[in-house]
Each structure stands twice: as structure tokens, then as C-alpha cells.
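Student: I am attaching a structure below and will ask some questions about it afterwards.
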Amino acid sequence: MITDWRPDEFLAGYEVRTLPLDPDPDGEDPISAHLVRKPGAVDTPRGAVLYVHGFTDYFFQTELADFFHDRGYAFYALDLRRCGRSLSAHHQPHYTTDLAHYDEELNAALDIVTDEVSSMGGSPRVIVAAHSTGGLVTPLWLDRLRTDDPERHGHVIGLLLNSPWLDLQGDPLLRTSAAGRLISAVGSVRGKQAIPRPLSSAYGDSLHSDVHGEWTYDLVRKPLGGFPATFGWMTAVRTGHRKVHAGIDSGAPTLVLRSDKSAFRGQYDAAVDTADCVLDVKQIAQWSGCLGQRVLAVAVPDARHDVFLSIEPVRKTAYAEVDSWMESEFGR
């Protein structure tokens, strides 16, 4: 398996490295993850950022990388197994039966980042940044790491969450224990069966430059209407939600950014350009305090689901919030 850095086929000027993984517990070998970096962007870095994407997503947000590079932080992004650069034809996109399966590539990526930053004469301190489902995966990982591997956890100085998925949006009936048992029962026997629900392209249409947006990305790895959610994957997500609701501790100062409103639509209209059309922001506000002992939650007016893909004036506000938080917590 290729492990050396090589030019990234998706982003000019970036490099990618394949992370070999153990045999897949979900039975879709061969399987791997991919770590992306922009080489030579920072001399003697003050630290590093490790970014983790959400569902139906992968790393293409180069403006986010530039923001941290300009502040002296090396930037890395991880495409998890079966996601983005790690997705192969024999894979069910983004599928997992346990969010803890991602610990393997998260640990490997963290080790590579700290080793490389140290080799550049920088400080091996890492801010973990994550979006949406990644914003559920990463605090759960850090909660486990804090108790199971405190030495590795000690490199993580902060957690930046961009619209983390902390509860199941929609009809309250979907969040009942009966609905949870049904999802789990189907997931245990037909995990890859798609959950019957309409797929809206409203969010994708608001982002992509071929439709109503300003961003360019690969529509195979991030289709406009999203990938279907499966029962096995949803079982893993709902298990993660319950753990968060019971209270966890990422062990790191945490900034949670979200929009100030949600606007769910079956198809694109202008409202989705200035609102979260994927998650219920009230739920994000409700559960953010369960992520750790030091959490700052900020509603960014008119932000999209990916706050850093909002229209330009809004994302400038979001970046200013990150600047303020970093200055407060780390002296930037």
C-alpha cells in the first residue's frame, strides 16, 4: 500500500498520503484512509490543525487551510475510510457500524501530524477541527483518547466544531426510543439498506458553482443530493448521539460554530443561502454544552450548514470568531 506523500489529484499544490488500515470490521476490504496537506506552507509552525469532514463530504475547503497557514499553523485534513479520496467502487459511501472504527485513522493522522510538525522545529500541539458528522465523531474520539491514551491526547490543545451533528433533526417521533429500537433492529440485519427518505439537493445546489454557489468540488465524492443514509450507519450515529447527551469530555477547549437559524427545503431557494438547511441549529445549541468542560458556542448570523462555505461576509464573521477564540485560548 502506498504510504508516501504524492501530489493530490483533487487540489493543486496539495499532497496526499494513504493511511493503511487494519482489516475492515464492516467487511469491505481493501480499505484505507487519506491524509492531505499543503507542503512547505509554514516554516517552524506554531502548531497544526487536523480537519475532519462530514457526511457526503471530503476536504476541498482550501480557504480554511489558508486561514490557519496565515496564522502559522500547518494544516492537514483527513478523508475517513469510505469517504472522499478513500472511497472506492466496492465501498458503501461513508458507511460504518461504529463511529469508534474511525479511531484507527484518527490516531494515525494525529501521530503523523505531530511527528511532522516536530520535525519542522514547530510545536506538536494540534487543534482538531471538524464539520457536521465529523463534529460528532471527533469529540467522541477525544473523550475515549483522554482516558485510554492520555499521552496521545496531550497533543490536542483545542477542538473547533463547525455545525456538529449532535441530534437527529426532523419529526420528534424519529427521536423516540421506539424509533431507535427499530433503526437498530433493521441495522443489525440489513445495515446497508437505505433509509427511505427524500434526498434534497437544496444544500448542494447552494454551494456548487455549476448551480447557485461559488465552490467547485468533485460531484462523485460529494453529490448534490447527498448519499443515502443507511440503517447501520444511522445506528452508529444514534449511539453517538446518546453518548453525547449523557455528557462527554473532549478534554480540550471547544468552539462550536453554527448558524442562527435553520431553513429546510425540498429544493433550492434563496433562503438556504443564509441558513442551515441540513441540521436543526436549536439542537446544536441544546447539546453543545455536553461536549466538555470548556465550551464556547457561537451562532453566526446567516451562516450555511458549513459555516466556512457561507457567503463571503458571513464567513468573514466566522473566521473572526475563530481568531478571537484562538487569541483567548492559545495566544494565537
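Student: Please determine, by comparing only the residues of the stretch 26-56 that are touching a Ser or Thr at 6+ places or on another chain (Cβ under 7 Å) and more than 24 Å from S119 (Cα to Cα), which one is most open to solvent (accessible area, probe 1.4 Å).
Tutor: It comes out as F55.
Student: Now, a different point. Could you pull out the residue among S177, S201, S163 that is surrounded by fewer than 17 Cβ atoms within 10 Å (Cβ to Cβ) and hydroxyl-bearing (S, T, Y)?
Tutor: The conditions single out S177.
Student: Do you know which of the residues in the stretch 104-125 that are outside any loop (DSSP other than H, G, I, E, B) and within 20 Å of G331 (Cα to Cα) is most open to solvent (accessible area, probe 1.4 Å)? Walk me through it before giving the result.
Tutor: Filtering the stretch 104-125 down to residues outside any loop (DSSP other than H, G, I, E, B) leaves 104-119.
Next cut, within 20 Å of G331 (Cα to Cα) only: 114, 117-118.
Working: T114: 9, V117: 1, S118: 58 Å².
By that ranking, first place goes to S118.
Student: Another question, if that's okay. Residue by residue through the stretch 279-312, note down the ones that are out of contact with any helix residue (DSSP H, G or I) (no Cβ under 8 Å at 6 or more places or on another chain) and exposed (fewer than 15 other Cβ atoms within 10 Å of the Cβ). Full working, then the answer.
Tutor: The first filter runs over the stretch 279-312 and keeps only residues out of contact with any helix residue (DSSP H, G or I) (no Cβ under 8 Å at 6 or more places or on another chain), leaving 279-286, 288-289, 293-294, 312.
Listed by number, the residues that qualify are K282, Q286, G289, Q293, E312.
Student: Shifting gears a bit: Filter the stretch 204-226 for residues that are under 21 Å from the mean Cα position of the chain (by Cα) and of a type in the set (A, V, I, L, M, F, W, C); which is least open to solvent (accessible area, probe 1.4 Å)?
Tutor: Initially, the stretch 204-226 is screened for residues under 21 Å from the mean Cα position of the chain (by Cα), giving 204-208, 213-226.
The next check asks that each one be of a type in the set (A, V, I, L, M, F, W, C); those that pass are 207, 215, 219-220, 224.
Details: L207: 0, W215: 37, L219: 67, V220: 100, L224: 50 Å².
Looking at the filtered set, the residue picked out is L207.
Student: Would you kindly identify the strands (runs of 3 or more DSSP E) lying entirely within the stretch 3-87 that contain at least 2 residues that are in contact with a helix residue (DSSP H, G or I) (Cβ under 9 Å, 6 or more places away or on another chain) and in contact (Cβ under 8 Å) with a residue 60 or more places away in the chain? Steps first, please.
Tutor: Working: elements: 15-20, 32-37, 47-52, 73-79.
Strands (runs of 3 or more DSSP E) meeting the threshold: 15-20, 32-37, 47-52.
Student: Can you tell me how many residues in the stretch 59-74 are within 17 Å of the chain's Cα centre (by Cα) and open to solvent by 20 Å² or more (accessible area, probe 1.4 Å)? Before the answer, list the steps.
Tutor: Within the stretch 59-74, the subset within 17 Å of the chain's Cα centre (by Cα) is 59-65, 68.
Subset that is open to solvent by 20 Å² or more (accessible area, probe 1.4 Å): 62-63.
Looking only at that region, the number is 2.
Student: So S118 clears everything in (1) over 29 Å from S201 (Cα atoms); (2) touching a residue at least 24 places away in the same chain (Cβ under 8 Å); (3) hydroxyl-bearing (S, T, Y) except one condition, right? Which one?
Tutor: For S118, the failing item is (2).
Student: For residues that are touching a residue at least 60 places away in the same chain (Cβ under 8 Å), surrounded by fewer than 24 Cβ atoms within 10 Å (Cβ to Cβ) and not aromatic (F, W, Y), tally how many sit in the stretch 263-276.
Tutor: Here the count works out to 5.
Student: Looking at the stretch 221-234, I want the residues that are on the phi > 0 side of the Ramachandran plot and have a partner that is surrounded by 21 or more Cβ atoms within 10 Å (Cβ to Cβ) and in a loop (DSSP other than H, G, I, E, B) with Cβ atoms under 7 Å, at least 6 apart or on another chain. Which pairs are those?
Tutor: Pairs that qualify, where the first residue is on the phi > 0 side of the Ramachandran plot and the partner is surrounded by 21 or more Cβ atoms within 10 Å (Cβ to Cβ) and in a loop (DSSP other than H, G, I, E, B), are G226/T56.
Student: In this structure, is R144 in a helix (DSSP H, G or I), at pLDDT 95 or above and among the basic types (K, R)? Working first, answer last.
Tutor: Details: in a helix (DSSP H, G or I): yes; at pLDDT 95 or above: yes; among the basic types (K, R): yes.
Spelling it out, R144 is indeed in a helix (DSSP H, G or I), at pLDDT 95 or above and among the basic types (K, R).
Student: Which of the residues spanning the stretch 88-99 are among the aliphatic types (A, V, I, L, M) and open to solvent by less than 30 Å² (accessible area, probe 1.4 Å)? Working first, answer last.
Tutor: To start, the set of residues in the stretch 88-99 that are among the aliphatic types (A, V, I, L, M) comprises 89, 99.
L99 - this is the single residue of the stretch 88-99 that is among the aliphatic types (A, V, I, L, M) and open to solvent by less than 30 Å² (accessible area, probe 1.4 Å).
Student: Considering each residue of the stretch 304-323, count those that are in contact with a strand residue (DSSP E or B) (Cβ under 9 Å, 6 or more places away or on another chain), assigned to a helix (DSSP H, G or I) and farther than 12 Å from L64 by Cα, and give that number.
Tutor: 3
The values are calculated or read from the model by the stated rules, or taken from the named source; none is laboratory data. Bear in mind the structure is a predicted one, so any value in this text is a computation, not a measurement. Glycine also receives a Cβ, built like all others from the backbone with ideal geometry; neighbour counts cover every protein chain displayed. The protein model used for the area step is the full one, side chains on, heavy atoms only, and it has no ligands, DNA or RNA in it. Shrake-Rupley method; radii C 1.70, N 1.55, O 1.52, S 1.80 Å.
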